[in-house]
Ligand code: BGC
């Protein structure tokens, strides 16, 4: 299938047409700066503007830098807080006027590597993809199947959230040299190794291009390799996801997603009510 793959990031929204059987890019990559503030409506409008620059594709897939469960965004570590609880698939689909499939960005990158990159040769065992950029993204594959929405960039390391300690943004923000940053990142990989015992760790995102600069600081027994699809992995994987050519499957359709968020909000409201009721008897007792 020919699909449009889009990678939504904190600074840029990038897209290209992809042959989802071969992983080949069929157009040049177009990048539009992420609007600031990157609210749901502003990002959806920019996505529409980007998609309008391409023709002749059958599906659209988007990698998104947050947890995307049943088409709904549940976290906002590096994006505007108003994204929390936003039905992102529904919003994009309605704004663009045709179905848009949305997946976590690191999961998308992992899908590309498992299908077209180094992961192709590792369909048995446990493969972890770690994307190193503004945040730290993670994807875990067990015997080739994705366990979606792992958030291993949020492990605590040195009393800090791992992605604040050793993402590429942390390296730039704190002006760390590759050696110093490499040592930090090595600690992170050691923790992942201890917790998950993966058979292979693939590094994606911006820092994967600079692998040779910090490679010698990496001292884990698990083989660690840079992604072969480099920072195009997110675009390619999102396109493959949209085409349905992955075990990750599609999120349920929009109606199901709506039903899901409705149930969730109802459950939250019930919980709040119960909490209030738990307090009220004591207050009543005082009144007596
Ligand atoms: C987010 C993840 C995302 C990663 C890379 C993290 O802050 O929580 O969902 O995959 O950044 O963008």
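What follows is calculated from the coordinates using simple rules that are stated; it is not laboratory data. This is a predicted model, so every value here is computed, not measured. Every residue, glycine as well, gets a Cβ built from its backbone with ideal geometry; the counts of neighbours run over all protein chains shown.
Overview of values
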read-out	value
Approximate spin-label separation residue 209-residue 21, in nm, with each point projected 7 Å along Cα-to-Cβ	3.1 nm
Gain upon complete extension [residue 199, residue 219; 0.36 nm per residue less C-alpha separation]	5.7 nm
Rounded to 5, the percent of DSSP beta bridges in region 122-228 classed as antiparallel	60 percent
Separation in nanometres of the label points that stand 7 Å from Cα toward Cβ, at residue 190 and residue 70	4.1 nm
Contour minus Cα-Cα distance for residue 41 and residue 180 (0.36 nm per residue)	46.1 nm
GNM flexibility winner over the chain from 149, 78, 104 (Cα, springs under 10 Å)	78
GNM top mover of 76, 162, 227 - the chain, alpha-carbon springs below 10 Å	76
Beta bridge orientation in the chain: antiparallel %, DSSP, nearest 5	60 percent
FRET efficiency estimate (nearest 0.05) - Cβ-Cβ, residue 278 to residue 31, R0 51 angstrom	0.50
Relative packing of peptides 84-90, 127-133, 40-46 - highest average C-beta neighbours within 10 Å first	127-133, 84-90, 40-46
Potential extension, residue 58-residue 265 segment - 0.36 nm per residue separation minus Cα distance	71.2 nm
Compactness of region 147-257 - radius of gyration and Dmax, Cα, Å	16.0, 50
Listed peptides 237-246, 56-65, 107-116 by packing density, highest first (mean Cβ within 10 Å)	107-116, 237-246, 56-65
Values of log10 I(q)/I(0), in the order q = 0.07, 0.08 Å⁻¹, for the chain under a Debye, Cα-only, solvent-free model	-0.28, -0.36
